[in-house]
1. What's the center-to-center distance, using Cα atoms, between the range 12-29 and the range 155-210 in Å?
2. Considering only the other residues whose Cβ falls under 13 Å of the Cβ of D290, what net charge follows from Lys and Arg at +1 and Asp and Glu at -1?
3. Please report the net charge: other residues with Cβ closer than 13 Å to the Cβ of R345, K and R +1, D and E -1.
4. Report the full-extension gain for the segment K61 to E378: residue separation times 0.36 nm, less the Cα-Cα distance, to one decimal in nm.
5. Considering only the other residues whose Cβ falls under 13 Å of the Cβ of R307, what net charge follows from Lys and Arg at +1 and Asp and Glu at -1?
6. Which value in deg cm²/dmol, rounded to the nearest 500, describes the helix-derived mean residue ellipticity at 222 nm for the chain, given -39,500 (n - 2.57) per DSSP H run of n ≥ 4 and division by the residue count?
7. For R145 paired with D276, estimate the spin-label separation in nm (one decimal), with each label point 7 Å from Cα along the Cα-to-Cβ line.
8. Based on alpha-carbon atoms only, what is the radius of gyration of the chain relative to the globular estimate 2.2 N^0.38 Å?
Amino acid sequence: MINSIYSSPWLIQRLHRNLLGTHIERLAALLLEQGYRKDPTEHKLALVAAFGRWLEARRCKLAALNAEKIDAFLRARKRHRVILRGDRRTLLQLLEQMRSQGAVPPPAAKMPSPLERALEEYADYLVQERGLAHQTVSQYRRDVRRFLIERFGGGSIRLDTLCQTDTHQHLQRRSRVVCANTLHGLVAALRAYLTFLHLRGDLHTNLAAAIPAVACWRLSTVPKYLKPAEVEQLLNSCDQSTIKGQRDYAILLLLARLGLRAGEVRAMRLEDIYWDSGEMLVRGKGQRHDRLPIPRDVGEALAAYLRKGRPRSQSRQVFLRISAPHREFASSSDISTIVRQAVDRAGLHPPCKGAHVLRHSLATHMLQRGATMTEIGEVLRHRNPISTECYAKVDLRALSALAQSWPEERL
């Protein structure tokens with residue numbers, strides 16, 4: 001693989017004589033497979049070669065290679081060269097590759113800290129008993145981590161000493177820096193955690209009932225949405241002559257035509273599309289799976305992206321990053337970022353720029369065209385009809401019949 005990157009026989013021979021020569025060859029093949037262009041590949045291989053010379057000068061054996069030696073090399077290299085942001089990640093990738101091949105022994109298993117053990121047990125409960133989605137579990141875990149660190153600091157985790165004052169003080173401090181919606185999620189995370197501790201026997205009293213509710217009332221606001229013309233303007237902002245435009249157009253169509261959530265688009269896998277029957281599997285909230293029909297324009301956009309735009313990758317996710325390495329999106333917020341970029345390109349100024357605005361737009365347009373609440377709930381895959389009630393507030397024609405006439409003052 002090195003021969004396809006470098007043309008100089010002297011340089012190729014020098015790389016092969018390097019302490020990491022065999023592994024440089026394998027890393028080059030991996031980088032090309034991940035879609036890296038020639039220039040960044042050359043930089044990464046030169047970095048690995050310099051690391052090999054540094055190890056050889058210090059007579060370090062490959063079996064002793066670890067992350068600490070990588071950090072020491074980068075500190076030494078920083079005195080003479082600029083360290084790029086991805087340099088450490090490249091060397092760690094090399095280390096993982098060598099460990100997988102048996103050239104470097106695996107790292108010694110570290111005993112998890114009491115805090116990590118407590119969080120891991122809580123996460124298992126949320127997945128196995130509550131059936132929550134991965135993103136929700138991660139958010140609950142982050143909220144509880146912050147609470148436990150604030151309560152116990154670096155000391156021992158004594159869960160049986162938690163009391164109502166601890167939760168109230170934590171919520172008061174967080175309420176000064178976060179909005180009501182974020183605080184509402186924090187309350188849900190703490191209630192779930194305290195319930196878990198009570199069920200397990202760590203707390204004799206269920207403190208979850210003592211956590212105050214947040215003034216974030218359901219149906220207190222009107223759903224934010226785009227008009228049909230604005231949705232089309234948003235879709236037309238994608239340059240489908242480019243790979244990124246093909247990918248973004250397919251993502252926006254799934255959000256706008258089927259009302260998918262950002263996490264559902266991110267979770268789509270190649271085997272979830274049934275081309276013969278014209279259906280697709282949607283991996284929804286709470287580990288719920290639904291099959292939806294694929295509209296014609298959505299199917300055409302997906303086919304165009306998969307045939308011409310999707311980079312070659314070992315990942316089974318439908319949508320991948322354009323820049324190398326070509327892997328799936330890290331989180332559903334990346335899908336919302338694509339929507340925000342499209343909104344800015346289209347010159348629109350909606351009150352909400354996230355992916356959910358297209359889901360609200362679909363429901364609102366269906367209501368305006370005469371669809372019932374039941375039909376909207378089926379399309380959006382709401383488990384509870386109450387979740388669909390918020391869209392009744394945008395049906396001005398139906399609400400006008402309920403409005404009382406304004407009393408006129410008699411002269």
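Only the coordinates and a few stated rules stand behind these numbers; no lab work does. This one's a predicted model, so the numbers in the text were calculated from it and none came from an experiment. Here the Cβ is made from the backbone with ideal geometry for all residues, glycine too, and neighbour counts use every protein chain on show.
1. 54
2. Details: positive: R261, R283, K285, R288, R291, R381, R383; negative: E264, D272, E279, E378.
In short, +3.
3. In short, -1.
4. Values: separation 317, 0.36 × 317 = 114.12 nm, distance 6.21 nm.
Contour length minus the Cα-Cα distance gives 107.9 nm.
5. Working: positive: R247, K308, R310, R312; negative: E300.
In short, +3.
6. On the way: 17 runs with 214 residues, N = 411.
The helix-only estimate for the chain comes to -16500 deg cm²/dmol at 222 nm.
7. My value for the distance between the label points is 4.5 nm.
8. Numbers: Rg = 27.2 Å, N = 411, 2.2 N^0.38 = 21.7 Å.
Taking the Cα Rg and dividing by 2.2 N^0.38 Å, one obtains 1.26.
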